[in-house]
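Undergrad: Could you have a look at this structure, given as structure tokens, before my questions?
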Amino acid sequence: MLNNLIDFNDLSLSEWENLFSLGVDIYANPAKYSERCKGKILATLFYEPSTRTKFSFQAAIIKLGGNVIGFDGIASSSVSKGESLRDTVKIVANYADAIVIRNANEGAAFAASLYSEVPIINAGDGGHFHPTQTMTDLFTIGTIGNGENKKLTGLDIGICGDLLNGRTVHSLLRAFSLYGGNTFYFISTPSLQVPEIFVSDLRKNNAIIICGTIEECIGKLDVLYMTRIQRERFADKAEYEKQRGIYILDKEKLSKAKDDLIILHPLPKNEEISPEVDDDERAKYFKQAELGLYIRMALLIKIFENAGRKEKEAEKIAAGFINSVKRCANPKCITQTEKYLPNIVKPGFGEVSYCAYCEHKI
């Protein structure tokens, strides 16, 4: 039962497939759903900048007959006065039926869910996860794929760019662990490779190949998922400058690709995709952004259907997590700024455990 959406894998495969089917129907028959969420209020709490995610959620609730409140950046909220995440969420939950939150700190959405009386939807928590972007990605692959590629198994998928800090990448790989029979080509520099925790489940039923260049694998790919170098996640700006511009998809590289390749990008894009590629019929990232509206409409419908059935805080903490005497040392973790949060971890393998918020080793 879907109460919150923190990680895509909060969904079972059957729940995702139901959402997918609902999104397809909304896309085909939007007027049919114009009052589905009449009287509902969605709060969008965006501590970080956003265009597609924020606007698509706001448009989604309006198109469903509901209303939206929220803030863009902490300067327009009491967060600028030092209000804690817990207090902000508790207050906003009095005014809204669900909360969409984006925050620069990893694990912020999970932390918010511990104190909210209404459902929490993760719209991006630092470099950790972005589950509704993953919904958009899978929905795009599954609905506009060409021929035999209109599926989510048996694909050759290239993922290029900042695999270390890219929350969209982390969510996507976690989601594909629900499927099998795919081959993933990780295209990145050694220092920007994906953390193992996000691929450990993926490896069970899928193949992973490490590539140093786009040219090595582009001819094999059914899907190429391009990402930007995450400038805002780098503590050392000089290191960012070393990484930027290494991977650029251009017309010459595309000449070696399949005619039915699907090029995706979570956007915004910078220099990693040459402007000339935008006009290539294989470039689907603008369509991808459009489709995000419909799958988020489906998500809101399901979230509101289950609202009021949330677990109590103590039960949520107990479910799958254990108390720890150690505090997470990840400087990007929400526990670094919200000191009241309980020290809880989830067990790993052997003596290893991971922070319940950001999933870094404890």
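Undergrad: Do the conditions hold for Cys217, that is, is it open to solvent by less than 30 Å² (accessible area, probe 1.4 Å), over 28 Å from Gly107 (Cβ atoms) and in contact (Cβ under 8 Å) with a residue 24 or more places away in the chain?
TA: yes
Undergrad: In the range 120-161, which residues are acidic (Asp, Glu) and at pLDDT 90 or above?
TA: Residues satisfying the conditions are Asp125, Asp137, Asp156.
Undergrad: A follow-up question, please. State which residue pairs qualify: first residue over 15 Å from Asn18 (Cα atoms) and assigned to a loop (DSSP other than H, G, I, E, B) and inside the range 129-141, second residue open to solvent by less than 10 Å² (accessible area, probe 1.4 Å) and among the aliphatic types (A, V, I, L, M) in any location, beta carbons under 8 Å apart, and separation of 6 or more residues or different chains.
TA: If the second residue must be open to solvent by less than 10 Å² (accessible area, probe 1.4 Å) and among the aliphatic types (A, V, I, L, M), the pairs left are Phe129/Ala109; His130/Ala123.
Undergrad: Here is a follow-up. Can you name every residue in the range 273-290 that is free of Cβ contacts under 8 Å to residues at least 12 places away in the same chain and assigned to a helix (DSSP H, G or I)?
TA: Pro275, Asp278, Asp279, Phe286, Glu290 - these are the residues of the range 273-290 that are free of Cβ contacts under 8 Å to residues at least 12 places away in the same chain and assigned to a helix (DSSP H, G or I).
Undergrad: Going by the conditions given, is Ser116 closer than 27 Å to Ala356 by Cα and either at pLDDT below 95 or part of a loop (DSSP other than H, G, I, E, B) (or both)? Before you say what the answer is, go through the steps one by one.
TA: Working: closer than 27 Å to Ala356 by Cα: yes; either at pLDDT below 95 or part of a loop (DSSP other than H, G, I, E, B) (or both): yes.
Yes, satisfied.
Undergrad: Given the conditions (1) over 19 Å from Leu267 (Cβ atoms); (2) open to solvent by 50 Å² or more (accessible area, probe 1.4 Å), report the number of the one that Pro49 does not fulfil.
TA: Checking Pro49 against (1) over 19 Å from Leu267 (Cβ atoms); (2) open to solvent by 50 Å² or more (accessible area, probe 1.4 Å), the one that fails is (1).
Undergrad: So, one more: Select the helices (runs of 4 or more DSSP H) contained entirely in the range 1-99, then report the ones holding at least 3 residues which are farther than 21 Å from Arg167 by Cβ and hydroxyl-bearing (Ser, Thr, Tyr).
TA: Values: elements: 13-28, 52-63, 85-92.
Those helices (runs of 4 or more DSSP H) span 13-28.
Undergrad: Ok, one more. For the range 4-31: of the residues being exposed (fewer than 13 other Cβ atoms within 10 Å of the Cβ) and of a type in the set (Ser, Thr, Tyr), which is nearest to Cys358 (Cα to Cα)?
TA: Ser12
Undergrad: Next up: For residues in the range 340-353 being open to solvent by 40 Å² or more (accessible area, probe 1.4 Å) and touching a Lys or Arg at 6+ places or on another chain (Cβ under 9 Å), which is modelled with the lowest pLDDT?
TA: Out of the qualifying residues, it is Val352.
Undergrad: Looking at the structure I just gave you, is Ser56 open to solvent by less than 50 Å² (accessible area, probe 1.4 Å), within 20 Å of the chain's Cα centre (by Cα) and polar (S, T, N, Q)?
TA: Spelling it out, Ser56 is indeed open to solvent by less than 50 Å² (accessible area, probe 1.4 Å), within 20 Å of the chain's Cα centre (by Cα) and polar (S, T, N, Q).
Undergrad: Looking at the structure I just gave you, is Leu293 open to solvent by less than 70 Å² (accessible area, probe 1.4 Å), touching a strand residue (DSSP E or B) at 6+ places or on another chain (Cβ under 9 Å) and part of a helix (DSSP H, G or I)?
TA: No.
Undergrad: Can you name the number of the only condition in (1) surrounded by 15 or more Cβ atoms within 10 Å (Cβ to Cβ); (2) part of a loop (DSSP other than H, G, I, E, B); (3) touching a residue at least 24 places away in the same chain (Cβ under 8 Å); (4) not acidic (Asp, Glu) that Gly181 fails?
TA: (1)
Undergrad: Looking at Ser191, Ser200, which one is modelled with pLDDT under 90 and in a helix (DSSP H, G or I)?
TA: From the options Ser191, Ser200, the qualifying one is Ser191.
Undergrad: Contact list please: Cβ distance under 8 Å, first residue in the range 186-209 and open to solvent by 20 Å² or more (accessible area, probe 1.4 Å), second residue assigned to a strand (DSSP E or B) and polar (S, T, N, Q), pairs at least six apart or on different chains.
TA: Note: pairs meeting the criteria are Ala207/Thr183; Ile208/Thr183; Ile209/Thr183.
Undergrad: Only one of these is farther than 25 Å from Leu172 by Cα and β-branched (Val, Ile, Thr): Ile74, Ile101. Name it.
TA: Exactly one of Ile74, Ile101 is farther than 25 Å from Leu172 by Cα and β-branched (Val, Ile, Thr), namely Ile74.
Residue by residue, here is whether (1) under 15 Å from the mean Cα position of the chain (by Cα); (2) among the hydroxyl-bearing types (Ser, Thr, Tyr) holds:
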| residue | (1), (2) |
| --- | --- |
| Pro131 | yes, no |
| Leu152 | no, no |
| Thr168 | yes, yes |
| Thr213 | no, yes |
| Glu216 | no, no |
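Undergrad: Only residues that are more than 20 Å from the chain's Cα centre (by Cα), more than 19 Å from Pro342 (Cα to Cα), open to solvent by 10 Å² or more (accessible area, probe 1.4 Å) and of a type in the set (Gly, Ala, Ser): list them for the range 76-124, please.
TA: Within the range 76-124, Ser76, Ser77, Ser78, Ser80, Gly82, Ala93 qualify.
Undergrad: Same structure, new question: Would you please list the contacts, defined by Cβ atoms under 8 Å and residues six or more apart or on different chains, that run from a residue in the range 43-66 that is among the aromatic types (Phe, Trp, Tyr) to a residue that is open to solvent by 40 Å² or more (accessible area, probe 1.4 Å) and outside any strand (DSSP E or B)?
TA: Tyr47/Ile74; Tyr47/Ala104
The values are calculated or read from the model by the stated rules, or taken from the named source; none is laboratory data. Everything numeric here is computed off the predicted structure, so don't read it as measured data. Every residue, glycine as well, gets a Cβ built from its backbone with ideal geometry; the counts of neighbours run over all protein chains shown. With ligands, DNA and RNA removed, areas are computed over all heavy atoms of the protein, side chains included. Shrake-Rupley method; radii C 1.70, N 1.55, O 1.52, S 1.80 Å.
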